[in-house]
Structure formats: structure tokens, C-alpha cells
Amino acid sequence: MRTTYALTTRAPQLSEQFSAVSTEFSSGKSDPCDKDQIPLHEAGAVDQIIANCQAWGIADPANWKSDTAEAMGVDVTTTGNINLQPETAKTLTVGVVYTPSFIDNLSMTVDYYDIEIEDAMGGAGVQKAIDNCARETNINSSLYCPLVTRGADGNIIDTLNTTINQAFAGTTGIDFEVSYLQGLAEFGEVNFSLNATKLLDSNYQNDADSEEVDITGMYKANVELKTRFVMSYSYCIV
């Protein structure tokens, strides 16, 4: 059996704070206020998004065509963030390794992990910043809205792509692994390995005034069950 409880700190990297400014056009991006995007939002978010779009000068989002849709993308400014703060984390892992005596070369492990990060550093992301800003209940205190610049007509002029501090990010889950080594005498050996991760909970909080957001099962990084099977063969020539 094994267990670890740790208090850790990560300072911002030089590249995260002081990367030079660069500009580009990022294609494939959408504006949540666009008439083609409004019907795609989940029902619980539509009213808030429409209210925010109207606050940005778009009188009727349901019938408004954005410049982002016309250009099929947005202008992006990428740079470091000199205001980044160190992130701190509390991590707990508890695991068991079992190697049964009645089957040679078989090993099974189970590990539970619980990670809580405060002032979590991460890339804001272009589309993520645009979407999260549009969903905010208070755009004036939003972590993401200062990254999105809109003109008087509501169109997105520029999006700042940088690293930011979220108030909180947490994840819990269980890792499984089964490995088995089968010898083939003079013909080498075959190794089988099955890995699986079951995500129990994943959530974040943008700032102290925001509610925690549950993203379990959402996006590629938060898939609830991931598995991988690997088989390798090795043969030694003397």
C-alpha cells in the first residue's frame, strides 16, 4: 500500500510571464452572440448570453450576423502575463499494488487521487475566453471578459491569448493498471498492459465571486473513462 499527501507551489515560468507580443488571425472561431450560435447554446445559458450580448450593443442577437462569422475567425494577440501569481496545490494519492503469488509476472494497481489547486495557472484559450465571457453573470468582474475586446457595434475586435490564474481547479479520480509478462523461452517475451482512468469529479472556479463549474465529462481533458491497452514483444539477439 502507498499514500502521499503533499502541499506544493508552482511559480510562473518566464515564458508564461514575459513572452513577446505576437498577432495573428485565428480561423474557425465563433461569436456566441451570432444568430447562428444562439440556438446552439444549452437552454439554461441562452438568457444570460443574450443579456450580455445586448449589453455589448447588440440589440437583437437572435437576428444579428457577426463579423466573426463573416471572416470565419478573429484577430488574436498572444503575450505573457506579468500579473500571474504562483499556484498552490493540495494533493492526496492512495494506492494499492497487488502481485499474486499464484500467477507469475502479473501485477495489478489501483490509485485514488484528489487534487485541489488554488490560483491555478492555465492558458485562457481564444474560443474558451470568448465563450466563458458570454456566459458570465457579471461581465464587469469576469476573469475572461477583459481578454475579449468588442467594438461599439458589439463585434469582436481582438482576443488576448495569455496565461491566467483561476481561483480554483479540482479533480478526483481512480487509476487502474493490470500488467502481465509472458515469457516465450528462447523466442523472447510478450508484455500486456491495460490502463484505465475513471474521472469522478472535475470542476473549476474562475474567481472568488463566481460559482464552481462542474466540467466532469466535458471536453477531451475531462472524459469520464479513458482506457489504453498496450502489447509489446521483445526479443534479444546474442
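Just wondering, is there one or more residues in the stretch 206-221 that are over 19 Å from TYR112 (Cα atoms) and touching a Leu at 6+ places or on another chain (Cβ under 7 Å)? So far as the stretch 206-221 goes, yes, one or more of its residues are over 19 Å from TYR112 (Cα atoms) and touching a Leu at 6+ places or on another chain (Cβ under 7 Å).
Residues in the stretch 97-117 that are in contact with a Leu (Cβ under 6 Å, 6 or more places away or on another chain) and open to solvent by 50 Å² or more (accessible area, probe 1.4 Å): ASN105 alone. Can you pull out every residue in the stretch 175-218 that is open to solvent by 50 Å² or more (accessible area, probe 1.4 Å) and more than 30 Å from THR99 (Cα to Cα)? Answer for the stretch 175-218, where residues must be open to solvent by 50 Å² or more (accessible area, probe 1.4 Å) and more than 30 Å from THR99 (Cα to Cα): ALA208, ASP209, GLU211, GLU212, VAL213, ASP214, MET218.
Starting from residues that are part of a strand (DSSP E or B) and among the acidic types (Asp, Glu), keep the ones in the stretch 118-139 and report whichever is least open to solvent (accessible area, probe 1.4 Å). Top of the filtered list is ASP119. Within the set ALA120, ALA129, ALA89, ALA62, the sole residue that is modelled with pLDDT under 95 and touching a Lys or Arg at 6+ places or on another chain (Cβ under 8 Å) turns out to be ALA62.
Pull up the stretch 140-171, narrow it to residues that are assigned to a loop (DSSP other than H, G, I, E, B) and either modelled with pLDDT of 90 or more or open to solvent by less than 20 Å² (accessible area, probe 1.4 Å) (or both), then point me to the one that is farthest from ALA55 (Cα to Cα).
Residue satisfying both the conditions and the ranking: THR162.
A count restricted to the stretch 139-160 and to residues that are among the β-branched types (Val, Ile, Thr) and in contact (Cβ under 8 Å) with a residue 60 or more places away in the chain stands at 4.
The values are calculated or read from the model by the stated rules, or taken from the named source; none is laboratory data. Just so it is clear, the model here is predicted, and its values are computed rather than measured. Note: ideal-geometry Cβ built from the backbone for every residue, glycine included; neighbour counts use all protein chains shown. Ligands, DNA and RNA are stripped out before the accessible areas are found, and what is left, the full protein with its side chains, is counted by its heavy atoms. Shrake-Rupley method; radii C 1.70, N 1.55, O 1.52, S 1.80 Å.
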